[in-house]
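The values are calculated or read from the model by the stated rules, or taken from the named source; none is laboratory data. Bear in mind that the values here come from a model prediction, so they are computed numbers and not experimental data. Methodologically, a virtual Cβ is constructed for each residue, glycine included, from the backbone with ideal geometry; neighbour enumeration extends over all protein chains shown.
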Amino acid sequence: MENMISQRPKTTSTVAYYIYLATILVLTISGFAQMPIFKRYYIADIPGLGWLAHFYTTHYLHYLAATVFIALTVYFITDYLLSGRRVLKVTISGFVRILMLTGLLGTGAMLVIRNLDDVYLAPGLIFYLDMIHQGLVVMLLLTSLYCVILRKSWVRTNLY
């Protein structure tokens with residue numbers, strides 16, 4: 001069984017992992033930049049960080065990072081389903097993070113749809129979508145920090 005796990009090329013998963021981390025970092029920074037907190041608290045005045053105060057720059061950067069994130073999600077799901085290996089089982093912490101990511105993708109998709117022409121969403125719905133999206137981001141960041149500190153993995157190897 002252990003040979004099945006070690007047959008996977010380490011370079012592909014390592015590269016995808018670092019792209020995932022970089023994407024999460026860009027999504028977090030550009031997402032918080034959508035709120036004017038970087039300008040309000042003078043973070044954008046630090047040399048080299050002035051772009052954080054430009055709404056459309058961070059808006060398009062957030063969309064670009066979200067596209068990469070969705071592509072990575074599809075890659076990881078496809079890799080798992082097509083690998084033929086069923087020795088990896090999702091842990092409880094992995095399942096919680098998957099639920100949060102699913103909520104983020106869903107609310108993010110709804111927020112993108114509201115920006116399309118001829119689409120009307122009630123202001124109250126947009127407010128709740130924003131609050132749920134932001135709340136899930138904070139919960140995911142705190143949960144991920146908890147999992148890093150306590151070394152909780154997304155998956156466990158089922159060798160039995």
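Every residue, every condition in (1) of a type in the set (D, E); (2) within 17 Å of I29 (Cα to Cα), yes or no:
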| position | (1), (2) |
| --- | --- |
| Y63 | no, yes |
| V74 | no, no |
| T102 | no, no |
| D117 | yes, no |
| G135 | no, yes |
| V138 | no, yes |
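Condition first: closer than 24 Å to Y146 by Cα and either of a type in the set (V, I, T) or not assigned by TED's automatic domain parsing to the domain that holds K152 (or both). Now tell me which residues in the range 96-131 satisfy that.
Passing the criteria: V96, I98, T102, T107.
Could you give me the residue pairs with C-beta distances under 9 Å whose first residue belongs to the range 22-48 and is over 12 Å from H59 (Cα atoms), whose second residue is surrounded by 15 or more Cβ atoms within 10 Å (Cβ to Cβ) and hydroxyl-bearing (S, T, Y) wherever it lies, and which are 6+ apart or on separate chains?
Close Cβ pairs satisfying both conditions: I24/S144; F38/T58.
Tell me which residues, restricted to the range 126-159, are assigned to a loop (DSSP other than H, G, I, E, B) and of a type in the set (K, R).
Result: R151, K152.
Got a sec? Which of A44, A22 is at pLDDT 80 or above and closer than 21 Å to L141 by Cα? Break it down stepwise before answering.
Working: A44 fails: closer than 21 Å to L141 by Cα.
Only one candidate qualifies: A22.
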